[in-house]
1. So which GluC sites (Glu not before Pro) in the range 99-188 are both in a DSSP loop and have at most 13 other Cβ atoms within 10 Å of their Cβ?
2. Let me check against my output: what whole-number percent is the relative contact order of the range 64-138, with C-alpha pairs under 8 Å and at least 6 apart?
3. Taking the Cα centroid of the range 48-115 and of the range 164-188, what is the distance between the two, rounded to the nearest whole Å?
4. List every residue whose amide H lies under 5 Å from the amide H of PHE140, counting only residues 5 or more places away in sequence or on a different chain, with H placed 1.01 Å from N in the peptide plane.
5. Eight or more residues apart or on different chains, and alpha-carbon atoms under 17 Å: count the Lys pairs in the range 38-188 matching that.
6. Give me the angle, in degrees from 0 to 90, between the Cα long axis of helix 3-19 and the longest principal axis of the Cα atoms of the chain, rounded to the nearest 10.
7. Output the 0 to 90 degree angle, nearest 10, between the alpha-carbon long axis of helix 76-93 and the longest principal axis computed from the alpha carbons of the chain.
8. For the range 42-188, which whole percent of the accessible surface, found with a 1.4 angstrom probe, sits on carbon and sulfur atoms?
Amino acid sequence: MTTRKKQIVRTAAQLFKARGYSAVTMRDLAAAMDIKAASLYNHISGKQEILEQLILEVARKFTAGMDAVKTDGGTAFAKAEKLIALHIKIAVENTDALAVLNTDWMHLEGAAYEEYIASRKKYELDFKQILHEGINSGEFKNLSVETMLFNLLSTLRSIYLWIPKKSATEVADLKKELPNILLTGLRS
């Protein structure tokens with residue numbers, strides 16, 4: 001991706017996060033970059049391309065992270081800890097794009113929408129499998145996997161809201177403490 005296209009995508013992510021995908025126009029994006037709207041089209045086809053770039057890039061990071069956790073081996077508890085760390089890492093490195101993913105994924109169209117939905121379903125199924133493994137091995141309490149996953153993902157999906165307001169020390173504490181806080185109630 002060209003440097004200019006990266007700037008466009010990064011600026012769009014900030015605008016989409018602040019106002020929502022639907023509320024941002026190409027003119028808004030051009031104004032934020034101090035260029036003419038027509039110049040944007042030299043680098044991108046439109047807002048949908050930007051949305052796809054932002055969301056699918058983050059979704060693919062989650063997929064790759066899950067694949068690495070699954071193949072690493074280890075206990076279910078260790079895998080769950082690694083997944084929590086993955087969420088924190090992605091939230092720290094991609095705060096604006098993660099916000100867009102969480103709030104505007106439903107605006108994706110066609111193949112991009114299908115890819116996102118498929119990757120999200122697979123990620124959740126893989127996470128459930130890890131939780132099932134933990135229950136079967138006695139690492140986790142025999143609770144509803146659906147409830148466990150809902151509890152974990154509800155917290156993990158909102159980390160992007162917390163990170164920008166915190167210092168580097170507080171983010172470091174989050175990385176150390178959140179896995180323990182989230183998994184303590186599940187531990188058998």
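The values are calculated or read from the model by the stated rules, or taken from the named source; none is laboratory data. Note that the structure is predicted; figures quoted are calculated from it, not measured. So basically every Cβ, Gly included, is an ideal-geometry build from the backbone, and we count neighbours across all protein chains shown. Keep in mind that these areas ignore ligands, DNA and RNA; they rest on the heavy atoms of the full protein, side chains included. Shrake-Rupley method; radii C 1.70, N 1.55, O 1.52, S 1.80 Å.
1. Details: sites: GLU109, GLU114, GLU115, GLU124, GLU133, GLU139, GLU146, GLU170, GLU177; in loops: GLU109, GLU139.
Answer in residue order: GLU109.
2. 42
3. Rounded to whole Å, the Cα centres lie 19 Å apart.
4. ILE135, SER188
5. Eligible lysine pairs with Cα atoms under 17 Å apart amount to 28.
6. With both axes taken from Cα atoms, the answer is about 70 degrees.
7. 20
8. The C+S portion of the solvent-accessible surface of the range 42-188 is 54 percent.
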